[in-house]
1. Going by the structure shown, is L252 assigned to a helix (DSSP H, G or I), more than 21 Å from G14 (Cβ to Cβ) and not assigned by the TED database to the domain that holds V103?
2. Would it be correct to say that E142 is surrounded by 14 or more Cβ atoms within 10 Å (Cβ to Cβ) and of a type in the set (D, E, K, R)?
3. Against the definition (in the same structural domain as R171 (by the TED database), in contact with a helix residue (DSSP H, G or I) (Cβ under 8 Å, 6 or more places away or on another chain) and either under 25 Å from H225 (Cβ atoms) or exposed (fewer than 15 other Cβ atoms within 10 Å of the Cβ) (or both)), how does H121 come out, yes or no?
4. Restricting to region 255-275, name every residue that is within 29 Å of L48 (Cβ to Cβ), touching a helix residue (DSSP H, G or I) at 6+ places or on another chain (Cβ under 9 Å) and part of a loop (DSSP other than H, G, I, E, B).
5. Being surrounded by fewer than 20 Cβ atoms within 10 Å (Cβ to Cβ), closer than 21 Å to N149 by Cα and either free of Cβ contacts under 8 Å to residues at least 60 places away in the same chain or not aromatic (F, W, Y) (or both) is the requirement here; does F173 meet it?
6. Just to check your reading of the model, which residue among R70, R98 is surrounded by fewer than 16 Cβ atoms within 10 Å (Cβ to Cβ) and within 14 Å of E123 (Cα to Cα)?
7. Return yes or no: is L288 part of a loop (DSSP other than H, G, I, E, B), over 20 Å from the mean Cα position of the chain (by Cα) and not small (G, A, S)?
8. Can you tell me which residue in region 217-241 is farthest from the chain's Cα centre (by Cα), limited to those that are buried (at least 16 other Cβ atoms within 10 Å of the Cβ) and not in a helix (DSSP H, G or I)?
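The values are calculated or read from the model by the stated rules, or taken from the named source; none is laboratory data. Just so it is clear, the model here is predicted, and its values are computed rather than measured. Backbone-built Cβ (ideal geometry, glycine too); neighbour counts: all protein chains shown.
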Amino acid sequence: MKVIIPKTSGFCPGVRRAEKGVLKLKETHTEVHLHGPLIHNQSYIERLESLDIKAVDTETLPENSTLVIRTHGIPRGEEMLLMKKFHLEDMTCPIVKRVQKHVEKASQEQAFVIISGKENHAEVQGVKSYADHAVVIQNKEELAAFLANGDHAIPPDTKKIFILSQTTHSRSFFEYLYQQVTEFFKDRFPIEIKDTICPITEDKEKESLILQKDSDFTIVIGDPHSSNSKKLYTILKEADNNTIFVRNLDDLNNQKTDWQNINTVLVVSSTSTPQFIEQEIVRYLEAL
């Protein structure tokens, strides 16, 4: 079996930075305490836990302990409270950190912030906390409901509308949202847009789509709770129906795929999928 792996497959620089950071902390700490999962990948979380690098309940964590902020970031108010009790090691993805600063600056300019993304996603909760007035819109139905309220949804002292996206959300919806909001509010407010979709995830998607054309079958490796994993799978599945999503080798075996007429397989891991999972799957495929 021939296996094709994109150069961009696997951890992004932000995740590699966080991994390097927690492993360095482990050199001087018996245990490393995480504020929530470092990334959205259960297999990787279990690997870290085996090294005593674990998510903890901050209510029971002794004061002055070292606490690691996850790659998605946390809400600003919560971070300020934690700073008073613990020594924080901030592993927030640098791209997400820049998004937070964009929102903070826009709010200082009395902007109403519209975020294209998922309300309950950890990154979005953190980003939204930097806005005085904001709404998160995930899909066309939520956008229609927001526009139905018209000006009633916008505070009276608003100077402009600022639109941005969760770093791993859909570009097509982000562009649609911008078009619809601009059309609705163009005569009442200046509209500013900031492209905050992660270029690294988009590079992976573009490279994978090109390589997929030379493949008989595509395997996307990720975690069901990972937004970038699900987005990558959706894009590749829409381009070629011979695409599956797996968490690990056990998942792949449970698919019971008939490999008889498959000669070339594209294997691509999300930005939150560790290399050891990909390597195990590649070894299995190459042995077929």
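1. Numbers: assigned to a helix (DSSP H, G or I): yes; more than 21 Å from G14 (Cβ to Cβ): yes; not assigned by the TED database to the domain that holds V103: yes.
Yes.
2. On the way: surrounded by 14 or more Cβ atoms within 10 Å (Cβ to Cβ): yes; of a type in the set (D, E, K, R): yes.
When the stated conditions are applied, E142 passes them.
3. It is true that H121 is in the same structural domain as R171 (by the TED database), in contact with a helix residue (DSSP H, G or I) (Cβ under 8 Å, 6 or more places away or on another chain) and either under 25 Å from H225 (Cβ atoms) or exposed (fewer than 15 other Cβ atoms within 10 Å of the Cβ) (or both).
4. S270, T271, S272, T273, P274, listed by residue number.
5. Working: surrounded by fewer than 20 Cβ atoms within 10 Å (Cβ to Cβ): yes; closer than 21 Å to N149 by Cα: yes; either free of Cβ contacts under 8 Å to residues at least 60 places away in the same chain or not aromatic (F, W, Y) (or both): yes.
Yes; evaluated as a whole, the condition is true for this residue.
6. Exactly one residue qualifies, and that residue is R98.
7. Numbers: part of a loop (DSSP other than H, G, I, E, B): yes; over 20 Å from the mean Cα position of the chain (by Cα): yes; not small (G, A, S): yes.
Yes; evaluated as a whole, the condition is true for this residue.
8. Keep residues of region 217-241 that are buried (at least 16 other Cβ atoms within 10 Å of the Cβ), which gives 217-223, 226-233, 235-236.
If we keep only those that are not in a helix (DSSP H, G or I) as well, we get 217-223, 226.
Values: F217: 25, T218: 21, I219: 19, V220: 16, I221: 15, G222: 12, D223: 11, S226: 6 Å.
Looking at residues that are buried (at least 16 other Cβ atoms within 10 Å of the Cβ) and not in a helix (DSSP H, G or I), I get F217.
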